[in-house]
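Report on the structure given below.
The values are calculated or read from the model by the stated rules, or taken from the named source; none is laboratory data. As the structure is a prediction and not an experimental result, all values here were calculated from the model. With ideal geometry, Cβ positions are generated from the backbone for all residues, glycine too; neighbour counts draw on all protein chains shown.
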There are 4 protein chains.
Amino acid sequence: MLKLGVVGCGYWGPNVVRNFAIQPDCHVVAICDKNPKVVSQVSSRFPSVNVTSDENNVMRSTEIDAMAIVTPVSTHYALAKRALENGKHVFVEKPFTATTAQAEELIELADRKNLQIMVDHTFLFTGAVRKIKELVDGGALGPLYYYDSTRVNLGLFQHDVNVIWDLAPHDLSILDHLIGAEPELVVAAGGAHLNGMEDMAYLTLYFPHGIIAHINVNWLSPVKVRLTMVGGQRKMLVWNDLEPAEKIKVYDKGADVMTKQAAYERRVSYRSGDMWAPRVEETEALQLEARYFLDCVASGEKPFNDGRAGLRVVRILEAADKSLRRRSEIALPASRRPEVAPMPSGSVQLAV
Amino acid sequence: MLKLGVVGCGYWGPNVVRNFAIQPDCHVVAICDKNPKVVSQVSSRFPSVNVTSDENNVMRSTEIDAMAIVTPVSTHYALAKRALENGKHVFVEKPFTATTAQAEELIELADRKNLQIMVDHTFLFTGAVRKIKELVDGGALGPLYYYDSTRVNLGLFQHDVNVIWDLAPHDLSILDHLIGAEPELVVAAGGAHLNGMEDMAYLTLYFPHGIIAHINVNWLSPVKVRLTMVGGQRKMLVWNDLEPAEKIKVYDKGADVMTKQAAYERRVSYRSGDMWAPRVEETEALQLEARYFLDCVASGEKPFNDGRAGLRVVRILEAADKSLRRRSEIALPASRRPEVAPMPSGSVQLAV
Amino acid sequence: MLKLGVVGCGYWGPNVVRNFAIQPDCHVVAICDKNPKVVSQVSSRFPSVNVTSDENNVMRSTEIDAMAIVTPVSTHYALAKRALENGKHVFVEKPFTATTAQAEELIELADRKNLQIMVDHTFLFTGAVRKIKELVDGGALGPLYYYDSTRVNLGLFQHDVNVIWDLAPHDLSILDHLIGAEPELVVAAGGAHLNGMEDMAYLTLYFPHGIIAHINVNWLSPVKVRLTMVGGQRKMLVWNDLEPAEKIKVYDKGADVMTKQAAYERRVSYRSGDMWAPRVEETEALQLEARYFLDCVASGEKPFNDGRAGLRVVRILEAADKSLRRRSEIALPASRRPEVAPMPSGSVQLAV
Amino acid sequence: MLKLGVVGCGYWGPNVVRNFAIQPDCHVVAICDKNPKVVSQVSSRFPSVNVTSDENNVMRSTEIDAMAIVTPVSTHYALAKRALENGKHVFVEKPFTATTAQAEELIELADRKNLQIMVDHTFLFTGAVRKIKELVDGGALGPLYYYDSTRVNLGLFQHDVNVIWDLAPHDLSILDHLIGAEPELVVAAGGAHLNGMEDMAYLTLYFPHGIIAHINVNWLSPVKVRLTMVGGQRKMLVWNDLEPAEKIKVYDKGADVMTKQAAYERRVSYRSGDMWAPRVEETEALQLEARYFLDCVASGEKPFNDGRAGLRVVRILEAADKSLRRRSEIALPASRRPEVAPMPSGSVQLAV
């Protein structure tokens, strides 16, 4: 039975609490939030949990095995460091930290104390991304050519980070998971129309083997779009995350199958070949991720979304900021990857 | 009565012939194509027109007042030069020329001989772009913040140019028309997966006053997308050119209207404010453009899509190529614009 | 402070509990469900409420002012009768009762004891239906011509009623609300492919003044559709309830505006005139309805979704069954309507 | 070489001319239209064809082997009769005739003179309907449960028939083709809001083996909808004819596959199973149909869309009118079917 403390219970925190609470081998024992209004709301929603506005109660508690850190990114480093120093495993929101230096220090600290860090790259646990991973790994798409993502909406509220740090970590963690390699070059372009921070930006990442990734993030879009295309030599897929029933569509035709005659017909034809929309598992992603965290803590195996995965995302975010400032491309060094634990399957046994 | 000769009658040529032929003050007298198969097809389709495979017949004909050049871009310069030297006005496909030097020479030649050049930026004459122009010019959107266009499809047939030269001129001519200024910086990124030419690319253009434009062009997309967003301080619009009935949607909310309370509600809300889809005129764009060409030839006024407009597009295309090769941003010099003729209204009197 | 008891806490019950519980002048004091598993789940979810599997505890409690009956339709009559006899107001799921005779008896009983009955026609409190009601009442659409609704999905689980009783009450209550009159004729057609009960059916209702309503309900549809068109002399609207952002679209053109020229153009045109998608209020419908129930109990005014409104819906459902069996149209007698209380506005003050 | 005459060249006629003209073994020799404006337009479009406003020129010509009748339905009988009496095969627009008696007389006459009648049920030759036919005949859907079609748009111009005669023949001919049996019962409901003829109507057809068909036709719809669902025991399909790229979607789940557990999950799930959108052949339907007409005339085999197929559709239309007038169901007698010729494949050799 793992005993969990949670710091931060605003927008996302209640989801974290709920999904850990339903696991049979986890007990959420304490929640901390600085906002007294949040404390009172959370108390009535989770009456059996100790809710407090004093973070010391939680951090110092010897009863607590792991901390979930669900606060703004600027606070991740200090909170995670303190949790690790107090011998607690850490589950932390994305992006992992505000700088690569912070991430590296936390990874080193966790390794030294033999503790786990899991970065909440929730999208990796969605049915859609798991299906895409399965199609890519199984070779259905053939060698990858590109990943092109549009992730835009109206998001005009106060932010402590620019739109890249807010929205791009989703795609960056998915790319890291799908491609299993780091980009060699990062180019970012963007505009800051309102308060000095970029509210719209375009990231282009050059990966090994000619794979190109492009991420369009924008807080000034009148409509919400979550559309990703993944093109391979054999097949291509479109992932529309706002589509309730057919999130993923796989198209029969790829880039190497075009004869001259087919090419001519394409001028008047919308597409050739069949399309196939595989069933996508609907288990809540955060529930699977909580299960995975508990499994990794129990087994001691590293999760694939560990501190190093978090660091790889922060490294690209930092490079993107640098590219924006310098208006030029930024080269990244290669890195190496250790073994990670397998993801739990979609249907897990829960406590009710 | 203007007498028109047409060079090139493959994919787009028949549309040019048909739309000039229905104008009451125009007579299509000769069509030239090097492909004998095309010559025979065109002859049976337009039995009253002189169809030939010998370009000299057309170029030297003293009967002909103007030439429509509907051939690959690599041939535009030589054909247009010859037509101008023979005293003929020129209607030429986009992109205008293969280099800025060619465009400048042709403009100079036409000015010297007091002849018109019109570059076939057809999209400027569509109901959709005319409605967007009206909304932008009328101030409905407020000062512009961005233009973001996705123009992708499967387009794997033989090309003599890369995907930027093939697809981006549409957006570049629209931007030129809407903004009335040139970009200061051009950044291009792209990938070449098949035959060495870029088959997917991303252009970012920085215009004066913080306006940012982004163009996503791709020949390796499994689905056809023609989606453009234009964001302003007061309102934002979405133009989906594949939508038959509601091509343009205008959203009430812009970027400066967000209170804290509204911002909070936005988290769970898709949008606030009404949406409005104005009726878009359905007159065929090329028909209006043919009308405009005839009017400009008659009046001697410069069209807004004259050689200089064509040059401005070619200048960006050249800069994009340079940016791709150098992997860095390219600065453009500012240019100045002369007066142009007003566009004809949507309902014109045609000969039948 | 109204004290509420709830009978039935399976699929919909928790929503009823939650929405009454957040009202400042309501206290949910007891929940009853026959299923012990439900009792244990609900206990942990609502720890401050007395949860029991013995209905007598609730029905006889003198502490309780009103009962919410959230059970299958076959049990509504007996439960509501018992609640009224024990002096409690009644909030009951749709459809109100299994027969018109039952409905009439309950109405009479409530009137005699001066108690309220509200039938949970939730859709009347959605932003979409409230907006449609506003447009119809304000004359924006002109005199109504038709209401055409498609409400289909896969729904192959065990039912104690046919598809008409399951899905049509939504449209029937909306029609009752919008038109303010009863149909004169009911025609139903349907098929029973699986277990003897109709799993697909078509209802046509003829209202006074030539208004025709058609309802397509189907449990064997591979896709979920919730699409309603409302046509009037001046304008027409389309309500797509599965559309997250633009549920209601109002089209400028109606049925009387067609000139000959416009008619000819319509052949090649998708539509003329603008389209307008008004902002639709997103407050949870059941929250507004709970508010309305409390207001009506406090004021003694009849709600518009009272027992009589419930009866009017049951009367059509009974006629539809009769029409299915006889394969012929069924005439309905006219009825008269008393005064009802105004609906609360979208933004109500809640207890938190 | 078949020599074809065409009567009527308004909206649809030019398509008939064009598609017969490109067949290598057909020569369009004469076109007749009463409207002098049409005569002049058609003359310039088809300069090699004899165009006239005097029908006698065509009917009496001994040079002509077959007549295409592309006029309003009220004139079909007289024109077809005259053509047959003059020894000409007949290709006639849908619906075949204005009454079943007329259809029967024409069939008898053609049989006696050993001439062919083909009724232009164009939809049967579309890639979509051919794919659906293939899926139904191959057993992919299992035994059919229902066919549900919505075919609505603004269609407010002058009509000589009601909306059922205008729009329902498409679905009636498709049903005849797919099911290969006649309905036993016809129920129609409808409304006439403008000029006394039904401008909206609902047809329900009861076929043998419990198959139910429903057709929703409406001239007062603000939006154009062409949506058909076909449900079977094993699979279900959705045909959206306005979708350019994915007209047909086949859903894995049918009506007999539901376990209790799956049923419970369905409440929160949009669908289970994969979806598959087969490639749909894009050859123009009328081109294939012209090919089929020429083949049948050459071989003497009856086409499946012969006069008897036309009669079966007219019989249902007549029954629908009767049902509307009587407001009751109409029973139809069973009929028997002779052998028909196979449809040509999608790729045919054409003359150019």
Considering each of B:Ile107, B:Ile164 in turn, give the residue that is assigned to a helix (DSSP H, G or I) and in contact with a Gly (Cβ under 6 Å, 6 or more places away or on another chain).
B:Ile107
Filter region A:201-210 down to the residues that are surrounded by 24 or more Cβ atoms within 10 Å (Cβ to Cβ) and out of contact with any helix residue (DSSP H, G or I) (no Cβ under 6 Å at 6 or more places or on another chain), then identify the one that is farthest from the other protein chains (Cβ to nearest Cβ).
A:Leu205
Can A:Val42 be described as crowded, with 18+ Cβ neighbours inside 10 Å and either over 26 Å from A:Gly310 (Cα atoms) or in contact (Cβ under 8 Å) with a residue 60 or more places away in the chain (or both)?
yes
Which of the residues belonging to region B:243-255 are in contact (Cβ under 8 Å) with a residue 24 or more places away in the chain, within 9 Å of chain A (Cβ to nearest Cβ) and in a loop (DSSP other than H, G, I, E, B)?
B:Asp252, B:Gly254, B:Ala255
Step by step: first the residues of region C:212-242, then only those that are in a loop (DSSP other than H, G, I, E, B) and more than 20 Å from the chain's Cα centre (by Cα), then the one that is surrounded by the fewest Cβ atoms within 10 Å (Cβ to Cβ). Which residue is that?
C:Arg234
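Can you name every residue in region B:143-156 that is within 12 Å of chain A (Cβ to nearest Cβ) and either touching an Asp or Glu at 6+ places or on another chain (Cβ under 8 Å) or aliphatic (A, V, I, L, M) (or both)?
Correct list: B:Leu144, B:Tyr147, B:Ser149, B:Val152, B:Leu154, B:Gly155, B:Leu156.
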Candidate set from region D:298-326 (those that are without any contact (Cβ under 8 Å) to a residue 60 or more places away in the chain and within 14 Å of chain C (Cβ to nearest Cβ)); member that is farthest from C:Arg326 (Cα to Cα):
D:Arg325
Return the total of residues in region A:121-156 being assigned to a loop (DSSP other than H, G, I, E, B), closer than 25 Å to B:Thr150 by Cβ and either of a type in the set (D, E, K, R) or in contact with a helix residue (DSSP H, G or I) (Cβ under 9 Å, 6 or more places away or on another chain) (or both).
6
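With respect to A:Val29, determine if the residue is touching a Lys or Arg at 6+ places or on another chain (Cβ under 6 Å) and over 23 Å from C:Val42 (Cβ atoms). Talk me through it step by step, then tell me what you get.
Details: touching a Lys or Arg at 6+ places or on another chain (Cβ under 6 Å): yes; over 23 Å from C:Val42 (Cβ atoms): yes.
Yes: the conditions hold for A:Val29.
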Which one of these does C:Gln41 not meet: (1) farther than 22 Å from C:Ala103 by Cβ; (2) under 25 Å from the mean Cα position of the chain (by Cα)?
(2)
Being within 20 Å of D:Leu172 (Cβ to Cβ) and either without any contact (Cβ under 8 Å) to a residue 40 or more places away in the chain or within 14 Å of chain B (Cβ to nearest Cβ) (or both) narrows D:Asp120, D:Asp137 down to just D:Asp137
Check region B:157-180 and report whether any residue there is touching a residue at least 24 places away in the same chain (Cβ under 8 Å), within 11 Å of chain A (Cβ to nearest Cβ) and touching a helix residue (DSSP H, G or I) at 6+ places or on another chain (Cβ under 9 Å).
yes
Among residues of region B:284-307 being among the charged types (D, E, K, R) and buried (at least 24 other Cβ atoms within 10 Å of the Cβ), the residue nearest to the chain's Cα centre (by Cα) is B:Glu289
Report, by residue number, each residue of region A:68-96 that is over 18 Å from A:Tyr292 (Cα atoms), of a type in the set (Gly, Ala, Ser) and buried (at least 24 other Cβ atoms within 10 Å of the Cβ).
A:Ala80, A:Ala83
Among A:Val119, A:Val92, A:Val129, which is at pLDDT 95 or above, in contact with a Gly (Cβ under 6 Å, 6 or more places away or on another chain) and within 21 Å of A:Val314 (Cα to Cα)?
A:Val119
Just to be sure before I move on: is B:Ile330 at pLDDT below 95 and crowded, with 18+ Cβ neighbours inside 10 Å in the structure I sent?
yes
Need the failing condition index for D:Lys260 against (1) touching a Leu at 6+ places or on another chain (Cβ under 8 Å); (2) at pLDDT below 95; (3) basic (Lys, Arg), just the number.
(1)
Starting from residues that are more than 24 Å from D:Met229 (Cβ to Cβ) and among the acidic types (Asp, Glu), keep the ones in region C:141-186 and report whichever is surrounded by the fewest Cβ atoms within 10 Å (Cβ to Cβ).
C:Asp160
Residue count for region C:215-241, restricted to those that are small (Gly, Ala, Ser), facing chain D (nearest Cβ under 9 Å) and under 25 Å from C:Gly142 (Cβ atoms)
1
The lone condition B:Leu194 fails out of (1) touching a Phe, Trp or Tyr at 6+ places or on another chain (Cβ under 7 Å); (2) at the interface with chain A (Cβ under 9 Å from one of its Cβ atoms) is (1)
